[in-house]
Amino acid sequence: MPTTYPINPPPFDGGKFSTRYSLNSARGDFWAEVLAGQSTLFIKDGITLPDNPPIFDPPDPPEIIKRTDAKTIYDSPIPAGITWRATLLTAVDEINLLRQWLVALKTEIAAATSLADLKTRVATLPNMPDRTPQQARTATHAKMDSGIAD
């Protein structure tokens, strides 16, 4: 017969409970049900908790849950995480291209001896054409295909 505890106040954060007591709900160590309008925690027979009644940590606020979920997705090997990493790597490549162009511009400015010389030197710098959404998509797909975003 499982041990039961009322959950006051709901909601119940099973993840925090599982971490606090090193239990696994997938193994059936504990579960929560609503019986007659009362949230109840069930602990599998044979499991003794160090706290009686158990400590119920309050759930995280929604914004913290969203941030945690986003970090989990970003760091995970699932397709959404790979997509985000590939997109970020593409953006980093673009930023680095702009930084390289700025360094080249500063070098030409420092080397110029006159305004006319500066104009000539700046004119030799490569153009930085606008990027299209298709180019961004292609670059992101290339990151995914290369495995760099895994």
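The values are calculated or read from the model by the stated rules, or taken from the named source; none is laboratory data. Remember, it's a predicted structure, so these values are computed and weren't measured experimentally. Glycine gets a Cβ as well: all are built from the backbone with ideal geometry, and neighbour counts include every protein chain shown.
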- Looking at the range 9-31, which of its residues are under 15 Å from Phe42 (Cβ atoms) and of a type in the set (Ser, Thr, Tyr)? Ser18, Tyr21, Ser25
- Task: Scan the range 76-88 and report the pairs whose first residue is farther than 13 Å from Lys143 by Cα and whose second residue is surrounded by 13 or more Cβ atoms within 10 Å (Cβ to Cβ), with Cβ atoms within less than 8 Å and a gap of 6+ or a chain change.
- Result: Ala80/Ile73
- With criteria (1) among the hydrophobic types (A, V, I, L, M, F, W, C); (2) under 14 Å from Gly147 (Cα atoms); (3) modelled with pLDDT under 90; (4) touching a helix residue (DSSP H, G or I) at 6+ places or on another chain (Cβ under 9 Å), Ile78 comes up short on (4)
- Wholly within the range 1-75, strands (runs of 3 or more DSSP E) carrying at least 1 residues that are of a type in the set (Asp, Glu) and over 30 Å from Arg85 (Cβ atoms): 30-35
- Note on the structure: Of the residues in the range 91-150, those that are under 22 Å from Asp75 (Cα atoms) and basic (Lys, Arg) number 2
- Identify, from the list Ala32, Ala36, the residue that is assigned by TED's automatic domain parsing to the domain that holds Gly15 and in contact with a Phe, Trp or Tyr (Cβ under 6 Å, 6 or more places away or on another chain). Ala32
- Would you pick out the residues in the range 128-142 that are part of a helix (DSSP H, G or I) and either outside the structural domain of Pro77 (by TED's automatic domain parsing) or over 18 Å from the mean Cα position of the chain (by Cα) (or both)? Pro133, Gln134, Gln135, Ala136, Arg137, Thr138, Ala139, His141, Ala142
- Item | Residue list for the range 94-122, restricted to those being part of a helix (DSSP H, G or I), exposed (fewer than 14 other Cβ atoms within 10 Å of the Cβ) and not hydrophobic (A, V, I, L, M, F, W, C) | Asn96, Arg99, Gln100, Lys106, Thr107, Asp117, Lys119, Thr120
- Query: Of all residues in the range 17-54, which are β-branched (Val, Ile, Thr) and touching a strand residue (DSSP E or B) at 6+ places or on another chain (Cβ under 6 Å)?
  - Reply: Thr40, Ile43
